[in-house]
1. Taking every alpha carbon pair in the chain, what does the distance histogram look like in 10 angstrom bins from 0, in percent?
2. Pick from Ser88, Ser56, Ser44: which residue has the top mean-square fluctuation in a GNM of the chain where Cα pairs under 10 Å get a spring?
Amino acid sequence: MVLLFVFFLLYQLVTRLGDAIATGTRDQAFDALVEELTSQFARSQQLLNSISGTLSSKSVTVEGQMQSLEETRQLLDQRKDLIAKYKSSVEDLLKGDPTR
């Protein structure tokens, strides 16, 4: 949403600057348009850099969560295997117990 707003703002400035260039007149308004466009472009670049940084950090966070999830799954599988072995051992012991 913000990017769309920035696009339209820059588009309007570029269009006005294009019109000023087409008329061939360079005056204070032309210089003001150039300064405003430069300023808005710098702000847009800062915004894009901020968004990019946020996306990168979220990507790292998601990757970390995925790795943690996979490690947890592996531990759970190991625990299931150990429980199955323990159960089997207990059953074997009970089968061999003559008092039962």
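Read-outs: derived from the displayed coordinates by stated rules, not from any lab. Computed from a predicted model, the values in this text were never measured in an experiment.
1. Pair shares across the bins are 12, 20, 14, 11, 10, 9, 8, 7, 5, 3, 1.
2. Ser88
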